[in-house]
Amino acid sequence: MNTIFRKSMLSVAGLAFAGGVFAGPIAAHANPVDAKPVAVAVQSAAPKPQGDQSHITLNDEQTANVKAIIAATKKAGLPERAAVISIATSLQESKLENLGHLGDANDHDSLGLFQQRPTSGWGTPEQITDPAYSTTAFLKGLRQVDGWQDMALTDAAQTVQVSAYPDAYAQWEQQATDLVGQHWNS
């Protein structure tokens, strides 16, 4: 029995060697022009999005609000990561819609893209419903968060917003990143 097992193992090893002998020269002469990379590594300072990601299709108003957030971020002299955090926050809070008072559906007196509250010191209702002003107010809060650049998006947003749903911001990170990539240089 031992002899049969050993002969079988030698046969398998022989086939593996023969395959390597024949495949090696073929692979060595493959046309490198036809070769396509399997994956491209992208370096980014931003952490990868956490958890399941959500996505919505934007209308013209929402796209204009994305552009307003990016413009305010650039004006504040902050990097793309600040715009990603801002847009993800607005996606969670208002789906990038500049919401006025919603009556009984309103969360206290929350208004605008970031659902900021006049009674919490964010500004007047008129200011809060101005996309440039509300973004600047959000970014002012973000700047006060030590290490926000390296934090998980949801932690940075939650520290500014103080939401009842602190982990909800994370689901919008990929779409916010894509929107900033699409509109930052336009």
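Any residue that is within 17 Å of residue 112 (Cα to Cα), open to solvent by less than 60 Å² (accessible area, probe 1.4 Å) and modelled with pLDDT of 70 or more - is there at least one of those in the range 34-55? No, the conditions are met nowhere in the range 34-55.
In the set 136, 177, only one residue is open to solvent by 50 Å² or more (accessible area, probe 1.4 Å), in contact (Cβ under 8 Å) with a residue 40 or more places away in the chain and under 16 Å from the mean Cα position of the chain (by Cα); that residue is 177.
Identify all residues within the range 149-164 that are open to solvent by 70 Å² or more (accessible area, probe 1.4 Å) and closer than 17 Å to residue 113 by Cβ; write none if there are none. The answer is 162, and nothing else. Listed here are the helices (runs of 4 or more DSSP H) enclosed by the range 47-154 that have at least 1 residues being closer than 16 Å to residue 173 by Cβ: 60-75, 80-94, 131-143.
The values are calculated or read from the model by the stated rules, or taken from the named source; none is laboratory data. What you see is a predicted model; the values in this text were computed from it and never measured. Cβ atoms come from the backbone with ideal geometry, glycine included; neighbour counts cover every protein chain shown. Heavy atoms of the whole protein, side chains included, go into the accessibility calculation; ligands, DNA and RNA do not. Shrake-Rupley method; radii C 1.70, N 1.55, O 1.52, S 1.80 Å.
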